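Engineer: Dumping the structure here so I can ask a few things about it.
FYI, it's all coordinate maths here, none of it is from the lab. Only a predicted model underlies this, so the values are computations on that prediction, with no experimental measurement involved. Here Cβ is always computed from backbone atoms with ideal geometry, including for glycine, and neighbour counts include all displayed protein chains.
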Amino acid sequence: MSGGDLHWTARTGAALRGTLSVPGDKSVSHRAIMFAALAEGVSRIEGFLEGEDARATEAVFRRLGVSIDAPGPGRRVVHGVGLHGLRGVDGPLDCGNAGTAMRLLAGLFAGQAFDTTLVGDVSLSKRPMRRVTEPLARMGARIDTGEGGLPPLHIHGGTPLKGIEFETPVASAQVKSALLLAGLYAQGTTTVHEAQPTRDYTERMLAAFGWPIDFAPGHARLEGGHRLQAMNVIVPADFSSAAFFIVAATLIPGSELRLRRVGMNPRRVGLLHVLRLMGADIHAESADEQGGEPVADLVVRHAPLRGIEVPEEHVADMIDEFPVLFVAAACAEGATVVRGASELRVKESDRIGTVAAGLRALGIRVDETPDGATVHGGAPGGGRIDSHGDHRVAMAFAVAGQMASAPVRIDDIANVATSFPGFDAMAREVGFGLD
Ligand code: S3P
């Protein structure tokens, strides 16, 4: 990272070699703090992501009266206050860049006795919230949004909630989770159906904290009025952070990397299936279970990639991996076609637009559609990229820079710290050219 203007210059480095442990899973870290805070007793969290997003959630619960000790990096001891033990405060609660925090907390706080206001940074303030506020209103919640259904959210407390049966119109674990969390406080049963199954960390972790819940891919149901019991949570390494190294080691000739103890939840590893279809050489070894989640070491060796039509069934299972998949496609032989991914338009940036613009700046042809793109593989050149403050776009272009014929300057990279603090140092350690 250079000076105060926060940019990187990525250029051809060495073949990637070595063993890496990437930081803890962001989705699991958010939920671990939330459930531990509302549980009865003391919970210990290991492998907590020391990124700004997870820390934003932690700071919210601290402000609401939950005592959380941090005895060392990645470790938290949470003194749970019970389902009704949070204390209201004046002033807004800041979710920073974290869409997961704002949407899940909207559900959770709809059931509190006090009012809350949730705010976020410039990027989060442009992200749609009606997808949670509308179904929550059907449960009886009273939530005011900013203009156009955007943040801030003002959530009125003291409102009785009732369970509903809801079919999510977009594949979104955040929407599903917001409803389930409101359902903890609701009278009766809350049921969520999903046409396309999404990550099920909320369901798995509620069950682990002792809340009766019935779930299977595409469906979850719970009742209000139970209790959460403290437990210890071990957070697996974040597959989405590992993804940058998986793609980089695949693309760079001579590479062989081992990524340790990566979370392998089936709803997260769509990228593995797609890269394998493109010709990648990725092996999962030492498969194990850690804190109720599947984990494995991933061994990645260089292999040439060819373009494919990405099967739509994998889209939801790799929704955070498209920036780096587009980079892989840019370096593959032939065209890669993505469809059915309109959700990418409303992530931390418009990830179709920002990545397409970045690839074009490197001389790659990209045809955009409303719900995807066709990337024509070729040989990326040098250029200047605006990441639009999107952490995953910045890291994806750090990978592109390894394959480019001239240096790639990547602007607006500060938000890498939201999900992967220390990415650049770790990347240099295994061979990236990045400063
Ligand atoms: C997340 C769900 C996904 C994902 C986000 C984290 C979660 O969002 O993109 O990074 O932790 O539930 P959507 O549910 O909006 O697709």
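Engineer: Please report the antiparallel percentage of DSSP beta bridges with both residues in the chain, rounded to the nearest 5.
Structural biologist: Close to 70 percent.
Engineer: Have a look at 213, 308, 234 and tell me which one the Gaussian network model of the chain (Cα, springs below 10 Å) gives the largest fluctuation.
Structural biologist: Looking only at 213, 308, 234, the largest GNM fluctuation is found for 213.
Engineer: Normalised by the residues of the chain, what does the relative contact order come to in percent, with Cα pairs under 8 Å and at least six apart? Display every interim value, and only then the final one.
Structural biologist: Numbers: 1130 pairs, mean separation 81.9, N = 435.
RCO, the chain: 19 percent.
Engineer: Helix-only mean residue ellipticity at 222 nm, the chain, DSSP H runs n ≥ 4 weighted -39,500 (n - 2.57), per residue, nearest 500. What is it? Don't skip to the end; give the middle numbers.
Structural biologist: On the way: 13 runs with 131 residues, N = 435.
One gets -9000 deg cm²/dmol as the mean residue ellipticity at 222 nm.
Engineer: Related question: Among 61, 254, 106, whose Cα lies farthest out toward the positive end of the dipole of the chain, if unit charges sit on the beta carbon of Lys, Arg (+1) and Asp, Glu (-1)?
Structural biologist: Farthest along the dipole direction, towards plus: 61.
Engineer: Here's another thing I want to ask about it. Grab the Cα-Cα distance for residue 214 and residue 428, subtract it from 0.36 nm times how many residues apart they are, and report the gain in nm with one decimal. Don't jump to the answer; show the numbers that get you there.
Structural biologist: Working: separation 214, 0.36 × 214 = 77.04 nm, distance 4.46 nm.
Extra length available between residue 214 and residue 428 comes to 72.6 nm.
Engineer: Mind checking the full-extension length gain between residue 411 and residue 154? Use 0.36 nm per residue of separation minus the Cα-Cα distance, one decimal, nm. Numbers along the way, then the final one.
Structural biologist: Details: separation 257, 0.36 × 257 = 92.52 nm, distance 3.34 nm.
Gain on extension, residue 411 to residue 154, equals 89.2 nm.
Engineer: Cα extents of the chain along the three principal axes, largest first, in whole Å?
Structural biologist: Projected onto its principal axes, the Cα set of the chain covers 60, 43, 42 Å.
Engineer: Taking only C-alpha pairs under 8 Å that are 6+ residues apart, what is the relative contact order of the range 26-234 in percent?
Structural biologist: 21
Engineer: So, with +1 on the Cβ of K and R and -1 on the Cβ of D and E, and no other charges, what is the size of the charge dipole of the chain about its Cα centre, to the nearest 20 debye?
Structural biologist: So the dipole magnitude of the chain works out to roughly 220 debye.
Engineer: Using alpha-carbon positions, what is the distance between the centroids of the range 294-363 and the range 205-269, in Å?
Structural biologist: Here the two parts' Cα centres lie 20 Å apart.
Engineer: Please figure out what share of the DSSP beta bridges in the range 26-234 is antiparallel and state it in percent, rounded to the nearest 5.
Structural biologist: Numbers: 26 of 37 bridges.
Bridges in the range 26-234 that DSSP calls antiparallel: roughly 70 percent.
Engineer: Place +1 on the Cβ of every Lys and Arg and -1 on the Cβ of every Asp and Glu in the chain, take the dipole about the Cα centre, and give the residue among 41, 236, 388 whose Cα lies farthest towards its positive end.
Structural biologist: In the chain, that residue is 41.
Engineer: Please compute the net charge surrounding residue 311, taking Lys and Arg as +1 and Asp and Glu as -1 over other residues with Cβ under 11 Å from its Cβ.
Structural biologist: Within the 11 Å Cβ shell, the charges total -3.
Engineer: Then there is this: Note down the magnitude of the dipole of the range 26-234 about its Cα centre, charges +1 on Lys and Arg C-beta and -1 on Asp and Glu C-beta and zero elsewhere, to the nearest 20 debye.
Structural biologist: Approximately 100 debye in magnitude.
Engineer: For labels at residue 17 and residue 379 in the simple 7 Å Cα→Cβ model, what's the distance in nm?
Structural biologist: Between residue 17 and residue 379, the label points sit 2.6 nm apart.
Engineer: For the range 235-284, what is the relative contact order in percent, using Cα pairs closer than 8 Å and at least 6 residues apart in sequence?
Structural biologist: 43
Engineer: Distance in nm between label sites at residue 232 and residue 114, each 7 Å beyond Cα in the beta-carbon direction?
Structural biologist: It is 3.2 nm.
Engineer: Rounded to the nearest 0.05, what FRET efficiency is calculated for residue 162 and residue 337 with R0 set to 30 Å and r the Cβ-Cβ distance?
Structural biologist: Rounded to the nearest 0.05, the efficiency is 0.10.
Engineer: Gaussian network model of the chain, Cα springs within a sub-10 Å range: biggest mean-square fluctuation belongs to which of 110, 328, 414?
Structural biologist: 414
Engineer: For the range 304-435, what is the convex hull volume of the alpha-carbon atoms per residue, in Å³?
Structural biologist: Hull volume normalised by residue count: 98 Å³.
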